[in-house]
1. Going by the conditions given, is residue 48 assigned to a helix (DSSP H, G or I), closer than 20 Å to residue 113 by Cα and modelled with pLDDT of 95 or more?
2. Which residues, taken from region 143-164, are loosely packed, with under 15 Cβ neighbours inside 10 Å and part of a helix (DSSP H, G or I)?
3. Within region 128-141, can you find the residues that are assigned to a helix (DSSP H, G or I) and in contact with a helix residue (DSSP H, G or I) (Cβ under 6 Å, 6 or more places away or on another chain)?
4. Tally time: how many residues in region 86-106 are surrounded by 15 or more Cβ atoms within 10 Å (Cβ to Cβ) and outside any helix (DSSP H, G or I)?
5. Quick test of your reading of the structure: residue 79 fulfils all but one of (1) more than 21 Å from residue 20 (Cα to Cα); (2) surrounded by fewer than 17 Cβ atoms within 10 Å (Cβ to Cβ); (3) at pLDDT below 95. Name the failing condition by number.
6. Has region 12-35 got any residue that is closer than 30 Å to residue 112 by Cα, modelled with pLDDT of 95 or more and either out of contact with any helix residue (DSSP H, G or I) (no Cβ under 6 Å at 6 or more places or on another chain) or not in a helix (DSSP H, G or I) (or both)?
7. Could you list, in sequence order, all residues of region 165-204 that are exposed (fewer than 13 other Cβ atoms within 10 Å of the Cβ) and assigned to a loop (DSSP other than H, G, I, E, B)?
8. Residues in region 97-113: is at least one touching a residue at least 40 places away in the same chain (Cβ under 8 Å) and farther than 30 Å from residue 22 by Cβ?
């Protein structure tokens with residue numbers, strides 16, 4: 001393979017292109033160590049050694065660091081690794097590595113996410129947020145089965161009413177209509193909204 005381009009991305013790190021395609025990022029010292037110079041050839045063995053001993057090793061360590069910082073979905077971890085300019089092969093290897101230790105579990109992530117937000121968000125809103133994070137729909141539904149009941153939906157709606165300082169005794173028809181519309185936009189269904197407002201004096 002021919003090193004067609006090396007380009008500095010920081011003061012110490014360089015993007016490397018092989019045969020016209022982006023291959024990986026190396027530190028300046030690693031360019032010298034492996035003989036990576038524009039216009040010169042790298043053997044298949046050297047490329048494989050760089051990918052295995054440098055790039056994949058670094059990707060694994062970075063993935064571990066990201067998961068120490070906070071719990072993440074598989075899709076979220078992949079995106080972080082790609083943004084850090086790791087090639088797809090290294091991304092895949094790093095994901096498999098952390099998964100083998102049980103550090104990556106979308107089902108567990110979904111359950112923790114539901115538990116931490118069910119007191120202030122509707123089922124619909126939480127589902128949308130989890131989908132945005134790349135959690136598969138079957139794992140989202142499983143998390144709701146375990147962690148979210150009808151009483152949680154009503155408690156979350158009541159909490160939002162308290163946050164809005166809603167007073168059912170002084171609310172006229174216009175205020176009532178606006179608060180119902182607000183809860184609707186937050187993803188609460190009509191029946192939930194009706195019951196919460198009806199029983200709000202008892203809940204507040």
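1. So residue 48 does not fit the description; no.
2. 145, 146, 150, 151, 162, 163
3. Once the filter is applied, which keeps residues that are assigned to a helix (DSSP H, G or I) and in contact with a helix residue (DSSP H, G or I) (Cβ under 6 Å, 6 or more places away or on another chain), region 128-141 yields 130, 139, 140.
4. The number of residues fulfilling the criteria is 5.
5. (3)
6. no
7. Scanning region 165-204 gives 165, 167, 169, 170, 172, 204.
8. yes
The values are calculated or read from the model by the stated rules, or taken from the named source; none is laboratory data. All values derive from a computational prediction rather than experimental measurement. Here Cβ is always computed from backbone atoms with ideal geometry, including for glycine, and neighbour counts include all displayed protein chains.
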